[in-house]
Amino acid sequence: MESSILNSLPVDPAYIIIGLAVITLILLVAVIVCIINMKKLYRRYDYFMRGKDAETLENIIIEQIEEIKNLRSEDKANKEAIRSLNRNQRASYQKFGLVKYNAFKGMGGTLSFAVALLDYTNSGFVMNSVHSREGCYLYIKPVDRGQTETLLGNEEKEALEQALGYREAKMV
């Protein structure tokens, strides 16, 4: 036994055997971890493919593509509807000013009023309702881009300035 290869090594063979045993244990642990990860992956794959074969999976993908196409066409229709609503909104009256006042000091109460209605371009009208004992008189004056050709009374000016945002509305 004296011609054994282990005896000719400069290291004690017991150390080599212990080292190989440690490496074997490390590799065994690595193999167990890989098996556990593979089982988890297989469970995920099985859950994904449960009850499905390649043909039904292809049908699902085609259905998803069709649904995406439908959503894109709906999105396009919605965007056009929003554009239309924006155009309509710009043309509608959206700015408002109201001033209530007493036209004749002996009447009692603030029954007269001036109203300014303007659109996006500050065009619209100022309406003045004057209440007296003889009746109620209504005057409308056009407004174009925040300006009028007709001379405005103090209350009408104030209502127009409220609509333009130059003044805060007063609560009466």
With respect to G165, determine if the residue is surrounded by fewer than 16 Cβ atoms within 10 Å (Cβ to Cβ) and small (G, A, S).
-> yes
Is there any pair with a first residue in segment 56-70 that is in a helix (DSSP H, G or I) and a second that is of a type outside the set (A, V, I, L, M, F, W, C) whose Cβ atoms are under 8 Å apart and which are 6 or more apart or on different chains, and what are they?
-> I60/K52
Name, by its number, the condition in (1) under 44 Å from the mean Cα position of the chain (by Cα); (2) over 19 Å from A91 (Cβ atoms) that does not hold for S123.
-> (2)
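Yes/no per residue for (1) among the β-branched types (V, I, T); (2) at negative phi; (3) out of contact with any Phe, Trp or Tyr (no Cβ under 6 Å at 6 or more places or on another chain):
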site: I61; (1), (2), (3): yes, yes, yes
site: A91; (1), (2), (3): no, yes, yes
site: K95; (1), (2), (3): no, yes, yes
site: N102; (1), (2), (3): no, yes, yes
site: N128; (1), (2), (3): no, yes, no
site: Y139; (1), (2), (3): no, yes, yes
For K100, are the conditions met, namely being more than 22 Å from L160 (Cα to Cα), charged (D, E, K, R), modelled with pLDDT of 85 or more and not in a loop (DSSP other than H, G, I, E, B)?
-> no
The residue from K100, K141, K105, K157 that alone is open to solvent by less than 50 Å² (accessible area, probe 1.4 Å), of a type in the set (K, R) and either within 35 Å of the chain's Cα centre (by Cα) or more than 25 Å from N86 (Cβ to Cβ) (or both) is K141
So K69, is it over 34 Å from the mean Cα position of the chain (by Cα) and modelled with pLDDT of 90 or more | no
Given the conditions (1) in a strand (DSSP E or B); (2) open to solvent by 70 Å² or more (accessible area, probe 1.4 Å), report the number of the one that M127 does not fulfil.
-> (2)
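The values are calculated or read from the model by the stated rules, or taken from the named source; none is laboratory data. Since the model is a prediction, treat every value here as computed from it, not as a measurement. Positions of Cβ are generated from backbone atoms using ideal geometry, with glycine treated the same way; all protein chains shown enter the neighbour counts. Only protein heavy atoms, including side chains, enter the accessible area calculation; ligands, DNA and RNA are left aside. Shrake-Rupley method; radii C 1.70, N 1.55, O 1.52, S 1.80 Å.
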